[in-house]
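Any read-out appearing in this document is the output of simple, stated calculations on the displayed coordinates, not a laboratory observation. Note that this is a predicted model, so its numbers are computed, not measured. Cβ atoms come from the backbone with ideal geometry, glycine included; neighbour counts cover every protein chain shown.
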Amino acid sequence: MIYADNAATTQLDADAFETMRCFLMEKYGNASQAYSFGVEAKKAIKKSREKIAKCIGADPEEIYFTSGGTESNNWAIKMGAGRNGDIITSVIEHHAILRPCEILERWRRNVIYAPVSLTGEIDLEFIRKNITDRTRLLSVMFANNEIGTIQPVEKLADIAHNYACIFHTDAVQAVGHVEINVHDLGIDMLSASAHKFNGPKGIGFLFIRRGVDIGAFMDGGSQEYGLRAGTENTASIAGMAVALEKNCQNIRANERHLKDLESLLLSALSDAGIRYIRNGGGHMLPGNVSLSFADVTGEMLLHRMDLQGICISTGSACDSVNTQISHVIQAIQVPEEFAEGTVRISFGKDNTRDEVYQIAGALIDIIRNQS
Ligand code: PLP
């Protein structure tokens, strides 16, 4: 099998797995218990919080463990705007932002959706025009999961801070893949998910800058400084910290490798005379390649690639009656004849050049034999 869907999830890092095994099978004490077996787990959580904080330039007390990106985003959106503040977000957010926003709208809260350019960059002028003293939360993703476009996070934070507005970013696709320093960038809250950077599934964190008062999301015990109750998932927290630290230590080398794989794929397709559009643009996530092809559907490409043992994902979902183009592909206005033929190939640090040749070869064969 060739796995090229690393934006969906990644393989667990072997050292992270070993660390987890130890806390699942041996040091499995409850971190809230006072005896030394519990204290050992508590220490591991403390150490993990420190490691993770260091990776994003935060203080350990600003890291709150959650069950992953979806929970972190729900917390930020549902609690971040206070009781009656307005919210601004973008049209290309992940559903873990858009659905909570829809719920707030049902509660009669004002949510404004900023448009994006043809390359998926947020319209800063739109935000400047629409932000007011009533805007309590500006939430824009760090990098888009479907097309890889990275947003001008520092500028967004600046705009928010000209008002009494918190800036949150869904950085699930970016953490561990591009360098992030939350304090340099002016980020007030940041969501992350371990399984996107070779950590385990079902664990993540929300960075909340000291002084940002958003209130508890989960009520119960006093874990996570009383803001997110529930017995800590020590093994996953420790595994996440190991995985993030390793990824961050190799960020530059990984980036170079992934960019090389991207250009190999694109030149192989161009050399074979295949017509495609590469979606996204500007500053982009390394390894995330969204391509739209004419006269094919993404669904067909995904299944035909799957038959050859290659995992990629699609930017459109078909049912028996019609094809639904994803909200991101619609927002960046991919021309109609190409939009249905959208796939996302997302390379990971372990993909090889040889695998890229095989992926390109398979795509070329399928597309040529289709038309
Ligand atoms: N936000 C983005 C940008 C994502 O890509 C994802 C996962 O695909 C999520 C949020 C949800 O994260 P999780 O799977 O940890 O709930």
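Note the angle between two axes, namely the Cα long axis of helix 234-249 and the longest principal axis of the Cα atoms of the chain, as a number of degrees from 0 to 90, rounded to the nearest 10.
60
Give the whole-number value, in cubic angstrom per residue, of the convex hull volume spanned by the C-alpha atoms of the chain.
It is 142 Å³ per residue.
Report, to the nearest 10°, how far helix 298-307 tilts away from the longest principal axis of the Cα atoms in the chain, using its own Cα long axis and a range of 0 to 90°.
The angle comes out at about 90 degrees.
Can you give the Rg to Rh ratio for region 181-239, taking only C-alpha atoms and Rh from Kirkwood?
That ratio is 0.99, to two decimals.
Over region 166-313, calculate the relative contact order: mean separation of alpha carbon pairs under 8 Å at least 6 apart, over the residue count, as a percent.
18
Taking the Cα centre of the chain as origin, work out the dipole magnitude from +1 charges on Lys and Arg Cβ and -1 charges on Asp and Glu Cβ, in debye rounded to 20.
840
How long is the gain from K129 to W107 if the chain were fully straight, where each residue apart is worth 0.36 nm and the alpha carbon distance is subtracted?
Residue separation times 0.36 nm, minus the Cα-Cα distance, leaves 5.5 nm.
Can you compute the modelled spin-label distance between S222 and R368, with each label point 7 Å from Cα toward Cβ, in nm?
Roughly 6.9 nm, to one decimal.
Show me the ranking of peptides 89-96, 59-66, 194-201 by mean Cβ neighbours inside 10 Å, starting with the highest.
Order by mean packing, descending: 194-201, 89-96, 59-66.
Charges on Cβ only, +1 for Lys and Arg, -1 for Asp and Glu, centred on the Cα centroid of the chain; of A235, G68, A192, which one is farthest towards the dipole's positive end?
A235
Quick check: net charge around A253, other residues with Cβ under 14 Å of its Cβ, Lys/Arg +1 and Asp/Glu -1?
+1
Go through 138-149, 106-117, 203-214, 328-339 and give me the packing order, highest mean Cβ count within 10 Å leading.
138-149, 203-214, 328-339, 106-117
For H95 and T231, FRET efficiency with R0 = 22 Å and r from the beta-carbon atoms, rounded to 0.05?
0.20
Which one, T323, T352, A268, is farthest towards the positive end of the dipole of region 252-371 when Lys and Arg carry +1 and Asp and Glu -1 on their Cβ?
T352
Three principal axis extents, largest first, for the C-alpha atoms of region 47-131, in Å?
Ordered largest first, region 47-131 gives principal extents of 42, 32, 21 Å.
With each label point set 7 Å from Cα along the Cα-Cβ vector, what nm distance links Q358 and S36?
5.0
Let me see the pair-distance distribution of region 185-279: every alpha carbon pair, 5 Å bin width, integer percents in order.
2, 10, 13, 15, 15, 13, 9, 8, 6, 4, 3, 1, 0
Would you kindly calculate the translational diffusion coefficient of region 11-99, applying Stokes-Einstein with the Kirkwood radius from alpha carbon pairs, for 4 °C and a viscosity of 1.567 mPa s, and quote it in µm² s⁻¹ without decimals?
81
Treating the angle as unsigned and between 0 and 90°, give the value, to the nearest 10°, between the Cα long axis of helix 353-370 and the longest Cα principal axis of the chain.
For 353-370 against the chain, the angle is about 50 degrees.
Quick one: dipole size for region 1-157, taken about the Cα centre, charges +1 on Lys/Arg Cβ and -1 on Asp/Glu Cβ, in debye to the nearest 20.
I would put it at about 660 debye.
Along the Cα→Cβ direction, 7 angstrom out, place labels at D158 and E61. What is the inter-label distance in nm?
3.0
Any idea how far the Cα center of region 161-224 sits from the one of region 79-154, in Å?
16
Run the helix sum for the chain: -39,500 (n - 2.57) per DSSP H stretch of 4+ residues, divided by residue count, reported at 222 nm to the nearest 500 deg cm²/dmol.
After summing the helix terms and dividing by the residues of the chain, the value is -12000 deg cm²/dmol.
Using only the alpha-carbon atoms of region 262-371 as identical scatterers, what base-10 log of I(q)/I(0) does the Debye formula give at q = 0.14 Å⁻¹?
-0.52
For a distance above 22 Å, tell me the whole-number percent of Cα pairs in region 1-156 that qualify.
Tail of P(r) above 22 Å: 57 percent of Cα pairs.
Dipole size in debye (nearest 20) for region 141-266 around its Cα centre, Lys and Arg Cβ +1, Asp and Glu Cβ -1?
Using only the charged Cβ atoms, the result is roughly 240 debye.
In percent, what relative contact order does region 140-191 have, based on Cα pairs under 8 Å that are 6 or more apart in sequence?
41
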